[in-house]
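The values are calculated or read from the model by the stated rules, or taken from the named source; none is laboratory data. Not measured: the values here are computed from a predicted model. Using ideal geometry, Cβ is built from the backbone for each residue, glycine included, and neighbour counts are taken over all protein chains shown. Surface accessibility is based on the protein's heavy atoms, side chains included, excluding ligands, DNA and RNA. Shrake-Rupley method; radii C 1.70, N 1.55, O 1.52, S 1.80 Å.
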Protein chains: 2
Amino acid sequence: MIKRIRSRLLLAAFPLLIASSNLLAADGGDWNIASRVLPPPAAASEALSSSIARTPQPVPPQPGMMPQTPEQWEAFVEQATGAQTIPLETLEQISNTSIEKQQLAGVTVYWVTPSTIAPEHEDHLFLHVHGGGYVILGGDAAPSEAATIASTSGIRSISVDYRMPPAAPFPAAVDDTIAVYQELLKTMPANKIAIGGTSAGGGLAFAAVHRMKELGLPLPGAIFAGTPWADLSKTSDTLYTNQGIDRVLIAYEGLLSAAAELYAAGEDLKHPLISPLYGDFSGFPPTILISGTRDLLLSDTVRVQRKLRDQGIVADLHVFEGMSHAGYLFEAASPEAVSTMEEISLFFKQHLD
Amino acid sequence: MIKRIRSRLLLAAFPLLIASSNLLAADGGDWNIASRVLPPPAAASEALSSSIARTPQPVPPQPGMMPQTPEQWEAFVEQATGAQTIPLETLEQISNTSIEKQQLAGVTVYWVTPSTIAPEHEDHLFLHVHGGGYVILGGDAAPSEAATIASTSGIRSISVDYRMPPAAPFPAAVDDTIAVYQELLKTMPANKIAIGGTSAGGGLAFAAVHRMKELGLPLPGAIFAGTPWADLSKTSDTLYTNQGIDRVLIAYEGLLSAAAELYAAGEDLKHPLISPLYGDFSGFPPTILISGTRDLLLSDTVRVQRKLRDQGIVADLHVFEGMSHAGYLFEAASPEAVSTMEEISLFFKQHLD
């Protein structure tokens with residue numbers, strides 16, 4: 001009844017829809033969205049807007065651009081990760097941290113200690129899991145985001161250099177994260193740990209918490225999920241609406257689809273430890289979520305927010321104008337990046353015990 | 001320095017960008033976004049997704065579709081608003097409220113009393129300003145959203161049937177809202193009042209608070225802004241990216257641009273009381289913001305969030321998968337609408353004194 005009445009309101013409110021209502025819906029409801037001219041986002045910060053204005057239009061990848069064999073993957077990963085990783089000494093300098101590489105529970109980790117630890121965080125730790133689609137940005141590239149957050153939040157951090165495919169597909173990344181977490185629990189309470197990361201790192205943080213629940217482990221005190229890759233299947237709406245508009249990811253086809261297949265290695269892409277969106281979020285810790293209007297994973301981000309909110313869990317969402325996937329990492333001096341780091345810092349101080 | 005290093009990281013992380021970096025940026029940085037096939041949003045609720053699947057593809061308005069003369073506007077407004085307004089008795093029945101039309105400070109208002117008032121809201125009031133682009137949905141259409149919120153939140157409400165153009169352009173809507181507010185302040189403290197609405201109503205709520213600050217009035221205790229029309233100029237990024245994708249507003253050209261011109265009546269569209277985004281948000285009350293991934297005004301919504309957060313103000317944002325502008329009003333029985341009303345209810349209970 002309410003629905004019928006409201007539908008009448010729709011027509012009242014928006015007579016333009018009436019004009020179109022004589023058309024038939026296409027088979028299956030698909031729409032053909034016309035081409036359009038897209039100017040740089042005028043209301044983003046000057047730093048972000050001018051950076052986008054200087055960016056050549058993103059070109060969706062051609063079929064066959066991605067590696068096929070394990071050898072091609074190794075070469076791709078090495079080229080994409082290794083050759084351009086920031087040397088740890090440089091990272092220490094620009095982030096004003098000290099970084100120590102170590103083995104913990106058989107996993108390579110990077111301890112990141114900021115030069116100044118915030119008084120609130122004296123006994124806190126940020127457990128960081130890096131992004132890169134579960135295939136790239138391991139090794140010395142892993143602690144880069146952890147160093148930024150350690151520095152801006154004033155919190156000790158540890159970044160997990162989890163194993164990745166093709167050598168070690170799912171569940172290696174989850175297993176390594178859990179192994180490190182269990183080792184940490186030997187010396188500190190769970191609610192003094194925040195877990196998080198960006199992109200695949202955000203997804204992995206959620207997957208790890210699902211796994212902690214399965215194992216009956218105490219849960220962390222907070223989660224940071226920056227534009228989390230929470231659904232590895234091609235389901236989210238912004239994979240379509242922001243295709244070719246997100247200058248970082250560009251399209252699902254290409255790195256995302258290839259990485260999803262390589263990581264899952266035959267498992268269902270909707271397995272809750274692969275696509276944590278399909279898991280049960282009851283009892284999850286308070287979570288901060290970051291995205292942008294041009295983010296290909298905006299839908300992943302907001303779908304997780306609803307899952308959390310449906311369980312009554314704090315799920316603070318911040319969406320930045322004109323920002324593509326993980327833009328706060330790529331324009332680190334932009335106001336968007338500064339605000340992102342400030343929000344994370346506030347959130348951790350508010351929610352860690 | 002950080003920026004240069006990060007730019008190297010960008011290339012490391014996303015080698016696909018390298019492939020496109022030999023292209024030149026177009027003049028002014030404009031991109032040509034190719035046409036694409038857009039399926040219904042599979043991860044929206046069944047109710048919303050199937051409704052979109054049944055919706056004929058939105059057709060952007062043709063030039064000349066909008067009224068030109070005052071007489072044409074009156075006819076348009078009457079057709080769009082009057083003929084399909086829900087009779088008040090029907091609205092009372094479906095929302096389980098009683099509605100009383102009255103003059104207050106010379107302004108027509110609708111008092112909306114829910115059958116059950118929540119204990120927390122015994123002495124609270126929701127001051128509602130309706131949407132409709134500042135041109136339509138006045139008269140008996142005004143209290144429709146107020147009735148829904150009154151009912152779901154258990155809060156007494158009053159909806160302002162503010163004057164509209166062509167007869168009464170800006171600042172009439174702001175003046176009428178302020179007149180009602182000042183009358184209310186004679187009998188109750190400001191911090192027991194929440195103000196808000198959807199679309200132009202959300203924008204008007206912000207503009208009214210700007211005006212209250214100018215007048216030195218005490219401010220309300222909370223704001224609800226559903227997909228607020230906070231910038232009447234064509235500036236926001238999602239006016240471009242979601243053009244033809246938002247099935248309600250469809251495009252800036254048409255009702256929005258015509259309504260903006262009619263309402264401003266020669267004033268600068270970026271006047272802070274017309275486009276409240278350009279005002280100073282210091283001291284604003286806690287605000288809840290609602291939008292969707294397909295919302296043409298998603299950018300307006302998130303830009304306001306940043307303005308508020310930059311002042312340290314609570315600004316809770318909820319973005320719904322696949323939802324167009326104000327979809328929670330048009331699919332009132334959908335889970336998206338139910339969640340929206342639950343979030344508003346929680347927010348008012350949390351933040352009203």
Chain B: antiparallel DSSP beta bridges as a percent of all, rounded to 5:
35
Links that overshoot a 26 Å alpha carbon limit, given the list A:K307/B:K234; B:K213/B:K349; A:K101/A:K307; B:K186/B:K307
A:K307/B:K234; A:K101/A:K307; B:K186/B:K307
Suppose R0 equals 30 Å; then what is the FRET efficiency for B:D268 and A:E46 from their Cβ-Cβ distance, rounded to the nearest 0.05?
0.90
Amide H contacts under 5 Å for A:L317, restricted to residues at least 5 apart in sequence or on another chain and with H modeled in the peptide plane, are A:L289, B:L317
Give the residue list of trypsin sites (Lys or Arg not before Pro) in region A:185-276 that are DSSP loop and have at most 12 other beta-carbon atoms within 10 angstrom.
A:K186
Got a number for the accessible area of A:V37? Probe 1.4 Å, square angstrom, nearest 10.
80
Which aspartates and glutamates have a Cα lying under 19 Å from the Cα of A:K270, excluding residues fewer than 8 positions away in the same chain?
A:D175, A:E214, A:D231, A:D237, A:E253, A:E261, A:D280, A:D300, B:E46, B:E321
Find the accessible area per residue for region B:147-234; the probe is 1.4 Å, ligands and nucleic acids are left out, and the unit is Å².
25
Selected from B:Q182, B:H121, B:S144, residue furthest toward positive end of dipole (region B:118-234; charges at beta carbon)
B:Q182
State, in square angstrom and to the nearest 100, the accessible area buried between chains B and A, both chains counted, probe radius 1.4 Å.
9500
What list of ³J(HN,Hα) couplings, whole Hz, do you get for region A:145-155 from phi and the Karplus terms 6.51, -1.76, 1.60, once you set θ to phi - 60° and write x for glycine and proline?
5, 4, 5, 4, 5, 4, 6, 6, 8, x, 10
Provide the per-residue ³J(HN,Hα) series for region B:121-136, in order, calculated from phi with Karplus coefficients 6.51, -1.76, 1.60 and θ = phi - 60°, each as a whole number of Hz, with x at glycine and proline positions.
9, 3, 10, 9, 9, 9, 8, 9, 10, 6, x, x, x, 6, 10, 10
Taking the Cα centre of chain B as the origin, how large is its charge dipole in debye, to the nearest 20, when only Lys and Arg (+1) and Asp and Glu (-1) carry charge on their Cβ atoms?
1280
Suppose the Debye formula is applied to equal point scatterers at every Cα of the protein assembly as shown; what is log10 I(q)/I(0) at q = 0.05, 0.08, 0.10 Å⁻¹?
-0.24, -0.61, -0.93
Enter the angle in degrees (range 0 to 90, nearest 10) between the Cα long axis of helix B:70-81 and the first principal axis of the Cα atoms of chain B, meaning the one along which they spread out most.
80
Would you work out the relative contact order for chain B, in percent, from Cα pairs under 8 angstrom that are 6 or more residues apart?
17
Per the 1.4 Å probe, what fraction of the accessible area of region A:46-351, in percent, lies on carbon and sulfur atoms?
51
Segment B:A118-B:L104, length gained on full extension (0.36 nm per residue, minus Cα span):
2.5 nm
A convex hull over the alpha carbons of region A:146-198 yields, per residue, a volume in Å³ of 90
Once the principal axes of the Cα atoms of region A:46-351 are found, what is the range along each, listed largest first in whole angstroms?
49, 44, 41
Report, for the protein assembly as shown, the % of DSSP beta bridges that are antiparallel, rounded to 5.
40
At a Förster distance of 22 Å, what's the computed FRET efficiency of A:E214 paired with A:T187, Cβ-Cβ distance as r, to 0.05?
0.45
Taking every pair of alpha-carbon atoms in region B:40-199, give the share separated by more than 23 Å as a whole percent.
48
Would you mind classifying region B:194-353 by shape? Square roots of the alpha carbon gyration tensor eigenvalues, ordered a ≥ b ≥ c; an a/c under 1.5 is rounded, otherwise it is prolate if a/b is larger than b/c and oblate if not.
oblate
Tilt relative to chain B, helix B:335-351 - C-alpha long axis, 0 to 90 degrees, to 10
60
Between 0 and 90 degrees, rounded to the nearest ten: what's the tilt of helix B:172-185 against the longest Cα principal axis of chain B?
50
Shape category assigned to region A:260-353 from the gyration tensor of Cα positions, a/c cut at 1.5
oblate
Can you list residues whose amide H is under 5 Å from A:T198's amide H, if they're 5+ apart or on another chain and H is modeled 1.01 Å from N?
A:G131, A:G226
So if I place +1 on the C-beta of Lys and Arg and -1 on the C-beta of Asp and Glu, and nothing else carries charge, what would the dipole magnitude of the protein assembly as shown be about its Cα centre? I want it in debye, nearest 20.
100
Members of region B:326-344 that become less accessible by 10 Å² or more once partner protein chains are added (1.4 angstrom probe, chain alone as reference)
B:L329, B:F330, B:E331, B:A332, B:A333, B:S339, B:E343
For region B:197-210, in residue order, the Karplus 3J(HN,Hα) values (coefficients 6.51, -1.76, 1.60; θ = phi - 60°; whole Hz; Gly and Pro = x) are x, 10, 6, 4, x, x, x, 5, 4, 5, 4, 5, 5, 4
Helix-only mean residue ellipticity at 222 nm, chain B, DSSP H runs n ≥ 4 weighted -39,500 (n - 2.57), per residue, nearest 500. What is it?
-11000 deg cm²/dmol
